[in-house]
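Below is one structure; the comments refer to it alone.
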Amino acid sequence: MRLLSALALSALCAGPVLAEDWQATLEAAKGQTVYWNAWGGDSRTNDFITWVGQETERLYGVKVEQVKLTDTAEAVTRVLSEKTAGQDAGGAIDLIWINGPNFLAMKEQGLLHGPFVAGLPNAKYLDLSATAPAAVDFTVPVDGMESPWRLAKFVFVHDSARAPELPDSMAGFVDWAAAHPGRMTHPDPSNFMGATFLKQALIELAPDAAALQQPVTDAAFLAASEPLWAWYDALRPNLWREGGAFPENESIQNQMLNDGEVDIAMSFDPASTAAFIEQGLLPETARVFVPQAGSIGNVSFVAIPYNAAHKAGAEVVANFLLEPSTQAHQQDIRVLGSFSVLDPAKLGTAEAAAFAALPKAPALPQVQDLGPTLLEPHASWMTRLTEAWAARYTK
């Protein structure tokens, strides 16, 4: 613990990045190919990663090869297997799109390179204060061991033509579903989005939401989850297919919304609805909404394994992801539509103008439309929650 605290203090107190140090990183990175392990279930994200690789090769001579994952835990298992086998250098993975439980697992097992974030020139655009979203991942201090690249916030999506009246709380979904039987569902909780749906309800319904910020215990889980299961028992009979089957992921649920099979979907990207409308993947009448009390928000990060073969190249890619021009390109709904992780107060006039010039759309919410951001529960809650859901409803 003292060592981690020292590392965190060192990262936070690091001075300006020395040009000669970063130049040495650029020289070491030139010619490297970075194997970026990232969830491959979203075509827009895959296209964006392809574009990142084209740009880093053009600017810095660093290629990017996306290794498309169905579950980030696959990458964690690979790095752990290499460590167990004594392969402490030359690992197969250079960069991982990572969050929450997987970050915690790698951090606790010493599988991460760093701290490195304070050494990135573009870290000057970040708010890295102790409680800032870019410095905490699912209640776990980042300590400079992973770098932010996109902002995520849980939202619901509805077809305003078919479902103009909406619940304003998670509790309200019970009455809404009863009035519209079979018109809503959620992804299977074994999928990140389905688990987030349950966590969103857990935060609202738990007698003491503050307890969710601590590692889960048997007693705390019993007390916090009892109202959740009562709520879900009332909701489930009126879900799509009477709660006996669930879409595998959000992409399938979006397709169901577009096909008119359900009236509500969900996303961790508030801008994705506007982007999908533009691509013809959702109806023109699709809109975003959130519960009045707010919704779960977090930042997506990239991390570098301790034994990565191309650490310098991975740092160059992480730094490129924080370029204001990259973040503005990423926020464009025609590209990815993800909100920026940069601190607007740290941007210059020209950099801020790039964001101001981005296209707008009726389905694109403003930040003030999204309500308060609710903190993710401690990572240990997600595993416990999804296991309990499976035990109660799939056997």
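The values are calculated or read from the model by the stated rules, or taken from the named source; none is laboratory data. None of these values were measured; they are calculated from a predicted model. Note that we place each Cβ from the backbone using ideal geometry, even for glycine, and neighbour counts take in every protein chain shown. Heads up: the accessible areas ignore ligands, DNA and RNA and are worked out on the full protein's heavy atoms, side chains in. Shrake-Rupley method; radii C 1.70, N 1.55, O 1.52, S 1.80 Å.
For the chain, give the share of DSSP beta bridges that are antiparallel, in percent and rounded to the nearest 5; count only bridges with both residues there.
Here the share of antiparallel DSSP bridges comes out near 65 percent.
Rolling a 1.4 Å probe across the protein heavy atoms gives segment 124-176 an accessible surface of 35 Å² per residue. The residues THR273, THR70, sorted by heavy-atom accessible surface at 1.4 Å with ligands and nucleic acids left out, run THR70, THR273 from largest to smallest.
Counting only protein heavy atoms and a 1.4 Å probe, segment 232-311 has 34 square angstrom of accessible area per residue. Of the candidates ARG236, ARG150, ARG162, which one comes out as most mobile in a Gaussian network treatment of the chain with C-alpha springs shorter than 10 Å? Its mean-square fluctuation being the largest, the pick is ARG162.
Taking the chain as a Gaussian network of alpha-carbon nodes connected by springs under 10 Å, the highest mean-square fluctuation of the residues PRO101, PRO324, PRO237 belongs to PRO237.
Residues TYR393, TYR232, TYR60, ordered by accessible area of protein heavy atoms at a 1.4 angstrom probe radius and largest first, appear as TYR60, TYR393, TYR232.
Put GLU248, GLU351 in order of accessible area, highest first, and with a 1.4 Å probe you get GLU248, GLU351. Accessible surface of segment 170-229, 1.4 Å probe: 60 percent of it comes from carbon and sulfur atoms. Counting pairwise Cα distances across segment 144-259, what percent come out greater than 18 angstrom? Result: 58 percent of Cα pairs exceed 18 Å. Peptides 216-223, 274-281 ranked from most to least packed, by the mean per-residue count of other Cβ atoms within 10 Å: 274-281, 216-223. Close amide-amide hydrogen proximity is noted between LEU69 and ALA38, TRP39, GLY40, each under 5 Å apart and 5 or more residues distant or on a separate chain (H modeled in the peptide plane; Pro and chain starts excluded). Summing charges over all other residues whose Cβ lies under 15 Å from the Cβ of ASP269, with Lys and Arg as +1 and Asp and Glu as -1, gives -1. Under DSSP H, which helices of the chain have Cα atoms covering 24 Å or more of the helix axis and a Kyte-Doolittle average no less than -0.5? Membrane-span-like by this rule: 218-235. In this label model, ALA354 and GLU261 are separated by 4.0 nm, measuring between points 7 Å along each Cα→Cβ vector.
Here TRP231 sits with roughly 20 square angstrom of accessible surface, probe radius 1.4 Å.
Split the accessible area of segment 233-366 by element, probe 1.4 Å, and carbon with sulfur accounts for 50%. For the options GLN66, GLN109, GLN368, a Gaussian network treatment of the chain with springs between C-alpha atoms closer than 10 Å singles out GLN368 as fluctuating the most. When the solvent-accessible area of segment 34-83 is split by element, carbon and sulfur atoms take up 47 percent of it, the probe being 1.4 Å. Which residues among segment 293-315 fall inside the zone where the amide N is under 16 Å from a point 7 Å beyond the Cα of ALA234, along Cα→Cβ? What the label zone holds, given the 16 Å backbone N cut-off, is no residue at all. Under the simplified labelling scheme, the GLN368-GLU108 pair shows an inter-label distance of 4.2 nm, with each label point 7 Å from Cα along Cα→Cβ.
Rolling a 1.4 Å probe across all protein chains gives SER295 an accessible area of roughly 0 Å². Per residue, the accessible area of segment 321-380 comes to 47 Å², computed with a 1.4 Å probe over protein heavy atoms only. Each Lys or Arg adds one and each Asp or Glu subtracts one; over the other residues with Cβ under 13 Å from the Cβ of SER295, this totals -3. Inter-part distance, segment 26-51 to segment 144-158, computed on C-alpha centroids, equals 18 Å.
How large is the helix-only mean residue ellipticity at 222 nm for the chain, computed as the sum of -39500 (n - 2.57) over DSSP H runs with n ≥ 4, divided by its residue count, in deg cm²/dmol to the nearest 500? Helix-only estimate at 222 nm: -12500 deg cm²/dmol.
So, R0 is 25 Å and r is the distance between the beta-carbons of GLN213 and THR70; what FRET efficiency does that work out to, to 0.05?
0.25
Stretched out straight at 0.36 nm per residue, the stretch from ASP127 to SER190 would grow longer than its current Cα-Cα span by 19.4 nm.
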